[in-house]
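Below is one structure, written out as structure tokens; comments come after it.
Read the figures in this text as sums done on the coordinates, not as results from a lab. Just so we're clear, the structure is a prediction, and the values are computed from it rather than from any experiment. Backbone-built Cβ (ideal geometry, glycine too); neighbour counts: all protein chains shown.
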């Protein structure tokens, strides 16, 4: 049984447990259970993405104009390539989407745990 099959079963069981079967036409029930399973699938994927996001490592850095950013460690090489673009080049004007501007000062960053990248 695939995880999608089990989601279908969970959706069907929840659909019944919530009494939704009584509220819809019998011909509509399979499509509604499918839609319910799709919502469960989206929530599962969102949970996975959130868990993955929590395990990413970041570093503080600046661009060539002394703006501070939080950048994923995995994107360090791409960040360094971007910062080497000449400031007159329009590509240098917009930071990569995965780089989050801090807003002027690294003191705006808060955290509960940190690691020295050299350790």
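Right, residue 68: surrounded by 11 or more Cβ atoms within 10 Å (Cβ to Cβ) and touching a strand residue (DSSP E or B) at 6+ places or on another chain (Cβ under 8 Å) or not? Criteria met by residue 68.
A search for C-beta distances below 9 Å between a residue of segment 85-99 that is closer than 14 Å to residue 71 by Cα and any residue that is part of a loop (DSSP other than H, G, I, E, B), counting only pairs 6+ apart in sequence or on different chains, returns 95/63; 95/67; 99/63. Within segment 67-119, being closer than 15 Å to residue 56 by Cβ and in a helix (DSSP H, G or I) holds for 73, 74, 75, 76, 78, 79.
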